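**Student:** Below you will find the structure I want to go over with you.
The values are calculated or read from the model by the stated rules, or taken from the named source; none is laboratory data. Fair warning: this is a prediction, and the values are worked out from it, not measured in the lab. Please note: Cβ atoms are built from the backbone with ideal geometry, for glycine as well, and neighbour counts cover all protein chains shown. Note: accessible area is taken over every heavy atom of the protein model, side chains too, but ligands, DNA and RNA are not part of it. Shrake-Rupley method; radii C 1.70, N 1.55, O 1.52, S 1.80 Å.
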Amino acid sequence: ANAGIAVNGTLAMPLLSKEEMAAIACPITVNSGANVKYSTYDVIGGTNPLLTLSSGSASLDMSKANTENGKIGLTLNGNASVTADEVVARLVAEGSGENVPFAVDVASGSNLTIPQGKTLVISKDAELAANGTVTVEGTLDVNGNTKLTGKITLSGVSSKVIFSDAAMAPDSNVTLVLTNGAQSSNITNKPDNVVVEDKNDDGGDTGGDT
C-alpha cells in the first residue's frame, strides 16, 4: 500500500491538468504549519493562505480528478478555518481551464470554521460532509448540484447560508443548526431537502414550543 506523501515544509505544485492531478496517485498529508501552494495560491498555510490549519492535518487525494464528475478529496483531521475573504472549493485545471471541485470531509472530531466576514463557496458539483463540526460565523455560499451531509452550525447574527442555485444533489442530507442568535431569515433559497433546527434558546427554558 502506498503510504502517501507527508508535507511538513512547503509543497509547491504548478498549474496541473486533470491527467497530471490524477497521476499523483497517493494522498498528500499536510501537517499543521506546512504550506501547500497550487499555482500562485497558498492553499494551506503560507503568506496569504486560503485555509489555515491550526492543528492536526489535512489530506489531499487527487486520484479521481480525471474521472467523469471527478473530484479532489480533501479530508480534514484537525482544526482549520477559512482565512481568505472568499475561498472557492475547487482547483482550476491547466489546459482545459475546467474546474475540479473538492469533496471536503470534515472528519469526526475535527472542526472547520468560517469566521465572520469570510465566505466559503461550495462550487457546482462539490461536496461537504460535516462528520465533525462545521461552524458558519460568516457566509456559506452553496451552488448547484452540491452534496451536503451532516450538521452545519450557524453561529451569531452575521452567519448566512446562501443557496445560489436551489438544485441540491438528491442524496444530500444536511441540517442547519441555528445558535447564538443566528436567524433563519439569513438562509436564502433553502431547498426542500435541507432541515433547519433552531437551538437559539438552548441556554434558557427547555419547555415546549414557543
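**Student:** Are there any strands (runs of 3 or more DSSP E) wholly within segment 1-101 with 1 or more residues that are farther than 30 Å from residue 136 by Cβ, and if so which? Walk me through how you get there before you give the answer.
**Tutor:** Values: elements: 5-7, 10-13, 28-31, 35-38, 41-44, 49-61, 72-82, 86-88, 90-92.
Result: 5-7, 10-13.
**Student:** Taking segment 17-29 on its own, how many of its residues are within 21 Å of the chain's Cα centre (by Cα) and either within 17 Å of residue 98 (Cα to Cα) or among the charged types (D, E, K, R) (or both)?
**Tutor:** Within segment 17-29, residues that are within 21 Å of the chain's Cα centre (by Cα) and either within 17 Å of residue 98 (Cα to Cα) or among the charged types (D, E, K, R) (or both) number 3.
**Student:** Would you confirm, using the coordinates I've provided, whether residue 59 is open to solvent by 70 Å² or more (accessible area, probe 1.4 Å) and either at pLDDT below 95 or within 23 Å of residue 121 (Cβ to Cβ) (or both)? Before you say what the answer is, go through the steps one by one.
**Tutor:** Details: open to solvent by 70 Å² or more (accessible area, probe 1.4 Å): no; either at pLDDT below 95 or within 23 Å of residue 121 (Cβ to Cβ) (or both): yes.
Here the answer is no, as residue 59 does not meet what is asked.
**Student:** Would you say residue 130 is buried (at least 19 other Cβ atoms within 10 Å of the Cβ), touching a Pro at 6+ places or on another chain (Cβ under 7 Å) and among the small types (Gly, Ala, Ser)?
**Tutor:** Details: buried (at least 19 other Cβ atoms within 10 Å of the Cβ): yes; touching a Pro at 6+ places or on another chain (Cβ under 7 Å): no; among the small types (Gly, Ala, Ser): yes.
So residue 130 does not fit the description; no.
**Student:** Answer yes or no as to whether residue 123 is farther than 24 Å from residue 58 by Cβ and among the hydroxyl-bearing types (Ser, Thr, Tyr).
**Tutor:** no
**Student:** I'm checking my understanding of the structure. Among residues of segment 153-179 that are of a type in the set (A, V, I, L, M, F, W, C) and part of a loop (DSSP other than H, G, I, E, B), which one is surrounded by the most Cβ atoms within 10 Å (Cβ to Cβ)?
**Tutor:** Filtering segment 153-179 down to residues of a type in the set (A, V, I, L, M, F, W, C) leaves 154, 157, 161-163, 166-169, 174, 176-178.
In the following step, the residues that additionally are part of a loop (DSSP other than H, G, I, E, B) were identified as 157, 166-167, 169.
Details: 157: 13, 166: 14, 167: 12, 169: 17.
Top of the filtered list is 169.
**Student:** Hey, another quick one. Provide a single number: the residues in segment 15-30 that are open to solvent by 50 Å² or more (accessible area, probe 1.4 Å) and touching a strand residue (DSSP E or B) at 6+ places or on another chain (Cβ under 8 Å). Write out each step before concluding.
**Tutor:** Quick first cut of segment 15-30, residues open to solvent by 50 Å² or more (accessible area, probe 1.4 Å) only: 15, 19-20, 23, 25.
Now narrow it down to the ones that are touching a strand residue (DSSP E or B) at 6+ places or on another chain (Cβ under 8 Å): 15.
Here the count works out to 1.
**Student:** Can you tell me which of (1) open to solvent by 30 Å² or more (accessible area, probe 1.4 Å); (2) at pLDDT 95 or above; (3) in contact with a Ser or Thr (Cβ under 9 Å, 6 or more places away or on another chain) is the one residue 5 doesn't meet?
**Tutor:** In the conditions (1) open to solvent by 30 Å² or more (accessible area, probe 1.4 Å); (2) at pLDDT 95 or above; (3) in contact with a Ser or Thr (Cβ under 9 Å, 6 or more places away or on another chain), residue 5 misses (2) alone.
**Student:** Looking at the structure I just gave you, is residue 105 among the charged types (D, E, K, R), part of a loop (DSSP other than H, G, I, E, B) and open to solvent by 30 Å² or more (accessible area, probe 1.4 Å)?
**Tutor:** Numbers: among the charged types (D, E, K, R): yes; part of a loop (DSSP other than H, G, I, E, B): no; open to solvent by 30 Å² or more (accessible area, probe 1.4 Å): yes.
For residue 105, the condition - among the charged types (D, E, K, R), part of a loop (DSSP other than H, G, I, E, B) and open to solvent by 30 Å² or more (accessible area, probe 1.4 Å) - is not met.
**Student:** Condition first: touching a strand residue (DSSP E or B) at 6+ places or on another chain (Cβ under 8 Å) and either part of a loop (DSSP other than H, G, I, E, B) or surrounded by 19 or more Cβ atoms within 10 Å (Cβ to Cβ) (or both). Now tell me which residues in segment 180-189 satisfy that. First the steps, then the outcome.
**Tutor:** In the first step, residues of segment 180-189 are kept if they are touching a strand residue (DSSP E or B) at 6+ places or on another chain (Cβ under 8 Å); the result is 180, 182, 184, 186-189.
Those that are touching a strand residue (DSSP E or B) at 6+ places or on another chain (Cβ under 8 Å) and either part of a loop (DSSP other than H, G, I, E, B) or surrounded by 19 or more Cβ atoms within 10 Å (Cβ to Cβ) (or both): 180, 182, 187, 189.
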